[in-house]
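See structure below.
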Amino acid sequence: MALTPFDFQQARVKQVLFKSRLRSVLYGVREAEASLFSLADSPLGQWLQTVLKPDYGTRPEVREAERLLGQQLRTGQELVARYQRGYMEEARAGLDQINSIADQIEAVLLGLESSLGLR
């Protein structure tokens with residue numbers, strides 16, 4: 001399947017969705033669900049699995065994006081654990097870590113998009 005810029009835009013939206021859901025947990029708007037931190041249940045993880053991996057799974061950018069996503073999910077889970085233990089401000093401050101990892105994922109996706117001639 002040939003990728004399009006729209007495919008990569010979908011990935012970016014999925015990344016924003018994760019950050020928004022995590023933020024809402026850390027600010028007490030919603031409860032944390034285990035699926036929020038599952039690579040298989042993550043919208044971006046599903047996108048990697050169904051859109052990128054079938055044709056581009058051997059590319060280092062895809063493996064790196066998946067590694068970074070796993071790191072982001074684990075970090076998010078750690079932040080929620082801190083929040084649940086009563087360290088709310090510390091947990092919220094950790095959103096900077098999430099943003100940093102998200103920036104790394106974005107850079108990897110941009111590199112892949114560019115190398116495929118879509119940018």
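Of TYR27, TYR56, all but one fail to be out of contact with any strand residue (DSSP E or B) (no Cβ under 6 Å at 6 or more places or on another chain), of a type outside the set (S, T, N, Q) and over 24 Å from LEU112 (Cα atoms); the exception is TYR27.
Among the residues of the range 35-71 satisfying the criterion of being of a type in the set (Ser, Thr, Tyr) and within 16 Å of the chain's Cα centre (by Cα), which is surrounded by the most Cβ atoms within 10 Å (Cβ to Cβ)? If we take residues in the range 35-71 being of a type in the set (Ser, Thr, Tyr) and within 16 Å of the chain's Cα centre (by Cα), then SER42 is surrounded by the most Cβ atoms within 10 Å (Cβ to Cβ).
Can you say whether ALA32 is part of a helix (DSSP H, G or I) and surrounded by 14 or more Cβ atoms within 10 Å (Cβ to Cβ), as far as the supplied structure shows?
No, not satisfied.
Checking the range 1-23 against the condition returns no match, with no residue being surrounded by 12 or more Cβ atoms within 10 Å (Cβ to Cβ) and touching a Lys or Arg at 6+ places or on another chain (Cβ under 7 Å). Of the residues contained in the range 74-84, one or more are found to be over 11 Å from the mean Cα position of the chain (by Cα), of a type in the set (Ser, Thr, Tyr) and crowded, with 18+ Cβ neighbours inside 10 Å.
FYI, it's all coordinate maths here, none of it is from the lab. Just so it is clear, the structure is predicted and the values come from calculations on it, not from any experiment. Cβ atoms come from the backbone with ideal geometry, glycine included; neighbour counts cover every protein chain shown.
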